[in-house]
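Here's the structure, in structure tokens; my notes come after.
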Amino acid sequence: MREIIYAGFGGQGVLTSGLVMSQVAIFKGQNATWIPSYGSAMRGGTANCTVKYGKDIIYNPAQEEPDLLLAMNGPSFEMFYSMVKPGGIIVVNSDMVENDVNVRDDVTVYSLACSSLAQEIKQPRGANIIAAAAIIKLAGDFSMEDGIQGMNDMFRKKGKEKFEAGNVKAFECGYNAV
């Protein structure tokens with residue numbers, strides 16, 4: 001069973017990042033839960049979600065001890081880094097996290113300039129997909145192809161297939177960046 005926290009400000013797409021992972025897991029025949037949590041502000045307030053997935057039945061979808069953390073901003077890093085289990089992985093959006101991220105020696109930290117990478121590939125709204133792809137790769141359970149298929153399936157069901165080419169470009173960028 002894997003547990004992942006996705007955290008950031010509202011508007012950064014962290015809930016979508018988590019939803020992508022849960023849908024990829026379901027697409028590959030696993031059980032998955034996605035529990036969002038967000039403040040009342042549409043943009044700028046706090047937003048996070050917990051994703052759990054695995055072959056076994058998930059009896060408790062709530063946060064317990066995450067294997068991975070995606071922190072898209074400094075306050076999210078500060079709030080959640082101590083919860084990651086020893087041996088876990090933390091991915092920070094280094095464009096938005098100015099904190100000292102080397103505060104634990106029992107986890108692996110990846111600094112990924114998600115926002116800058118999104119600009120470089122001309123997908124300015126793709127930072128969350130870049131981050132989602134990095135988490136999918138680092139979790140180690142799904143291939144790039146699995147991730148792209150699951151992501152595309154999810155967005156098609158939402159009627160957002162017009163963004164598919166850009167999302168695939170962002171996904172490939174994030175997957176290859178770690």
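The values are calculated or read from the model by the stated rules, or taken from the named source; none is laboratory data. All values derive from a computational prediction rather than experimental measurement. Using ideal geometry, Cβ is built from the backbone for each residue, glycine included, and neighbour counts are taken over all protein chains shown.
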Please find, within the stretch 150-160, the residue that is farthest from S22 (Cα to Cα) out of those that are crowded, with 16+ Cβ neighbours inside 10 Å and either of a type outside the set (F, W, Y) or under 14 Å from the mean Cα position of the chain (by Cα) (or both). N152
Would you mind telling me which numbered condition in (1) within 16 Å of the chain's Cα centre (by Cα); (2) of a type in the set (A, V, I, L, M, F, W, C); (3) assigned to a loop (DSSP other than H, G, I, E, B) A132 fails? (3)
Within the stretch 93-103, residues being surrounded by fewer than 14 Cβ atoms within 10 Å (Cβ to Cβ) and under 20 Å from S37 (Cβ atoms) number 0
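Matching residues to (1) surrounded by fewer than 24 Cβ atoms within 10 Å (Cβ to Cβ); (2) within 17 Å of the chain's Cα centre (by Cα); (3) within 21 Å of I129 (Cα to Cα):
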site: Y59; (1), (2), (3): yes, no, no
site: P66; (1), (2), (3): yes, yes, yes
site: M79; (1), (2), (3): yes, yes, no
site: V91; (1), (2), (3): no, yes, yes
Does N31 satisfy being farther than 24 Å from G10 by Cα, over 12 Å from the mean Cα position of the chain (by Cα), without any contact (Cβ under 8 Å) to a residue 40 or more places away in the chain and surrounded by 13 or more Cβ atoms within 10 Å (Cβ to Cβ)? yes
Go through the residues of the stretch 100-108 one by one and say whether even a single one is more than 20 Å from I130 (Cβ to Cβ) and among the hydroxyl-bearing types (S, T, Y). no
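Residues are listed down the side, and each one gets a yes or a no for (1) within 21 Å of K157 (Cβ to Cβ); (2) modelled with pLDDT of 95 or more; (3) surrounded by fewer than 18 Cβ atoms within 10 Å (Cβ to Cβ):
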{"residue": "F9", "(1), (2), (3)": "no, no, no"}
{"residue": "L15", "(1), (2), (3)": "yes, yes, no"}
{"residue": "M21", "(1), (2), (3)": "yes, yes, no"}
{"residue": "V51", "(1), (2), (3)": "yes, yes, no"}
{"residue": "G88", "(1), (2), (3)": "no, yes, no"}
For the stretch 125-178: of the residues being polar (S, T, N, Q) and touching a residue at least 40 places away in the same chain (Cβ under 8 Å), which is farthest from A47 (Cα to Cα)? Q149
Would you list the strands (runs of 3 or more DSSP E) that sit entirely within the stretch 27-117 and hold 1 or more residues that are hydroxyl-bearing (S, T, Y)? 31-38, 46-54, 108-112
Against the condition surrounded by fewer than 16 Cβ atoms within 10 Å (Cβ to Cβ), touching a residue at least 24 places away in the same chain (Cβ under 8 Å) and touching a Gly at 6+ places or on another chain (Cβ under 7 Å), how does M1 come out, does it pass? yes
Hits in the stretch 118-140 (condition: closer than 22 Å to A32 by Cα and surrounded by fewer than 17 Cβ atoms within 10 Å (Cβ to Cβ)): G140
